[in-house]
Amino acid sequence: MSQGTLYDKVWDRHKVTQLPTGQDQLFVGLHLIHEVTSPQAFGMLKERGLEVAYPELTHATVDHIVPTASKERPYSDDAAERMMAELEENVTGSGIDFSHPETGNQGIVHVIGPEQGMTQPGMTIVCGDSHTSTHGAFGALAFGIGTSQIRDVLATGTIAMEKQKVRRIQVDGELGEGVEAKDIILEIIRRLGTEGGVGYVYEYAGEAIEDLGMEGRMSICNMSVEGGARAGYVNPDQTTYDWLEGTDEAPEGEAFEERKEYWESIRSDEDAEYDDIVHINGSELEPVVTWGTTPGQGIGISEPIPEPESLADEKVETARRAQKHMRVEPGETMEGYEIDVAFLGSCTNARLPDLRRGAEIVEGREVHPDVRAMVVPGSQRVKAAAEAEGLDEIFKEAGFEWRGAGCSMCLGMNEDQLQGDEACASSSNRNFIGRQGSKDGRTVLMNPRMVVAAAVTGKVTDVRELKEVSLA
Ligand code: SF4
């Protein structure tokens with residue numbers, strides 16, 4: 001008998017009870033915390049004299065405010081130093097593991113969980129951060145939560161949630177050269193809208209998804225929330241198990257094989273029923289870039305920017321405003337749009353394979369003289385692995401800044417910010433006005449190779465047209 005989707009199965013296995021509110025109380029298998037959203041929740045706990053219920057299921061890192069130029073203490077920014085000191089105080093003696101910069105394990109919360117093997121199929125994972133959906137790439141149910149929910153999870157190890165509907169997004173076909181996971185998710189959000197996923201969890205499936213490595217699956221799940229979905233996931237398979245085997249937290253030998261059997265059992269059944277199914281032909285996609293100020297305002301690199309009036313009524317005004325802010329005209333393509341900054345980083349696209357692909361493009365080229373370009377690895381481990389392969393030298397020789405791990409210019413909570421009306425080619429996930437630290441800044445989202453192509457040409461460029469580049 002069908003037990004349904006992975007979402008149904010994992011939900012049912014973690015459900016403690018139904019609450020009088022109608023919500024379900026779910027047990028939380030992993031609670032990731034960072035310096036920005038946890039202090040208030042710890043404060044609430046202290047006020048009530050409560051202890052952290054499951055410190056062994058809680059893990060801390062520092063990412064948003066951490067400087068990426070130098071991690072020397074005290075940090076030059078007082079607010080950043082205060083937040084770091086508060087996190088240190090909250091976790092010290094609590095039994096909570098902390099990927100502190102001194103451990104060499106620090107990094108963006110959605111990079112370190114998977115890389116240390118904390119993120120595993122069939123788990124429930126929460127974090128006070130929207131892009132917690134990233135962890136769904138492993139077949140986990142992963143949700144971003146708010147401050148009072150962080151308090152609840154710290155105090156009880158459980159959370160009250162409403163069950164969502166499940167939309168299967170079936171991406172068939174093979175991706176063309178130069179087309180990546182980022183293009184798939186930008187296309188999905190463009191088609192379904194930034195609110196299209198409200199009330200849903202997205203299950204990503206189909207040949208184009210199965211062919212992706214874990215980093216690509218993470219890029220896609222990461223941006224589920226940009227499409228309005230509460231979470232996104234991919235059913236676990238051999239690619240997932242290959243990634244996990246040998247990580248710090250994964251079981252070993254026999255135990256790994258046993259766990260694998262369980263992981264297989266929680267995959268969505270063949271005859272599972274979905275509330276909605278959307279089909280996308282992956283072989284028809286081209287690199288997608290944004291022209292506006294939401295991740296849903298995207299187009300294929302060769303397509304014209306739409307006339308606002310050609311869009312649905314509720315999108316007309318936002319499109320007009322976005323085009324004014326971005327200084328783009330309907331009918332033009334984004335190709336040739338001049339940029340001042342190139343940012344290769346963030347929890348969407350700063351894992352080792354992202355940096356490798358970027359380095360292949362940049363090798364033998366130079367950053368355009370009018371462009372400030374930076375690579376910000378997603379974690380200290382990614383940085384060290386990239387350096388062991390000599391990627392840092394390739395980027396530095398070309399004129400990129402090679403930074404320490406953190407969120408950096410994804411949101412500009414540290415010193416890495418756009419200035420004035422600078423335009424930025426960014427591998428991150430949000431292009432909202434002001435997102436990168438300047439209210440007049442202009443962000444163009446794209447895949448990591450496209451960011452590097454823009455860095456060397458000084459403008460948005462179809463990476464497939466750069467000569468002598470292997471895009472295999
Ligand atoms: S990299 Fe950006 S999106 Fe990811 S956790 Fe940091 S600030 Fe949030």
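The table below gives the values:
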{"read-out": "Options 79, 85; residue that is at pLDDT 95 or above, farther than 22 Å from residue 246 by Cβ and in a helix (DSSP H, G or I)", "value": "85"}
{"read-out": "Output for the stretch 1-39, where each listed residue is in contact with a Lys or Arg (Cβ under 8 Å, 6 or more places away or on another chain) and either in a helix (DSSP H, G or I) or free of Cβ contacts under 8 Å to residues at least 12 places away in the same chain (or both)", "value": "6, 11"}
{"read-out": "Residues that are in a strand (DSSP E or B) and within 14 Å of the chain's Cα centre (by Cα), drawn from the stretch 411-444", "value": "426"}
{"read-out": "Pick from the stretch 386-410, criterion part of a loop (DSSP other than H, G, I, E, B) and touching a Lys or Arg at 6+ places or on another chain (Cβ under 6 Å), ranking: nearest to residue 216 (Cα to Cα)", "value": "405"}
{"read-out": "Count of the stretch 23-56 residues which are of a type in the set (D, E, K, R) and crowded, with 21+ Cβ neighbours inside 10 Å", "value": "1"}
{"read-out": "Residue 408 being closer than 20 Å to residue 435 by Cβ and either within 16 Å of the ligand (Cβ to nearest atom) or more than 23 Å from the chain's Cα centre (by Cα) (or both)", "value": "yes"}
{"read-out": "Subset of the stretch 383-427 (residues that are hydrophobic (A, V, I, L, M, F, W, C) and closer than 25 Å to residue 364 by Cβ)", "value": "384, 385, 386, 388, 391, 394, 395, 398, 400, 402, 424, 425"}
{"read-out": "One residue from 12, 78, 24 being closer than 30 Å to residue 435 by Cβ and acidic (Asp, Glu)", "value": "78"}
{"read-out": "Residue ID - surrounded by the most Cβ atoms within 10 Å (Cβ to Cβ), chosen from residues in the stretch 245-255 that are in contact (Cβ under 8 Å) with a residue 12 or more places away in the chain and in contact with a helix residue (DSSP H, G or I) (Cβ under 8 Å, 6 or more places away or on another chain)", "value": "250"}
{"read-out": "In the stretch 185-236, residue farthest from residue 10 (Cα to Cα) [restricted to those that are away from the ligand (no atom under 16 Å from the Cβ) and among the acidic types (Asp, Glu)]", "value": "187"}
{"read-out": "Residue check, residue 429 within 14 Å of the ligand (Cβ to nearest atom) and touching a helix residue (DSSP H, G or I) at 6+ places or on another chain (Cβ under 9 Å)", "value": "yes"}
{"read-out": "Test: residue in the stretch 152-166 that is charged (D, E, K, R), in contact with a helix residue (DSSP H, G or I) (Cβ under 8 Å, 6 or more places away or on another chain) and surrounded by fewer than 21 Cβ atoms within 10 Å (Cβ to Cβ)", "value": "yes"}
{"read-out": "Condition check for residue 63: surrounded by 14 or more Cβ atoms within 10 Å (Cβ to Cβ), part of a loop (DSSP other than H, G, I, E, B) and in contact (Cβ under 8 Å) with a residue 12 or more places away in the chain", "value": "yes"}
{"read-out": "Answer residue from the stretch 50-92, given it is away from the ligand (no atom under 16 Å from the Cβ) and touching a strand residue (DSSP E or B) at 6+ places or on another chain (Cβ under 7 Å) and is farthest from residue 385 (Cα to Cα) among those", "value": "52"}
{"read-out": "Lone qualifier among 241, 274 - being at negative phi, surrounded by 13 or more Cβ atoms within 10 Å (Cβ to Cβ) and free of Cβ contacts under 8 Å to residues at least 40 places away in the same chain", "value": "241"}
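The values are calculated or read from the model by the stated rules, or taken from the named source; none is laboratory data. Since the structure is predicted, the reported quantities are computational estimates derived from the model, not experimental observations. As a convention, Cβ positions derive from the backbone with ideal geometry for all residues, glycine included, and neighbour counts pool all protein chains shown.
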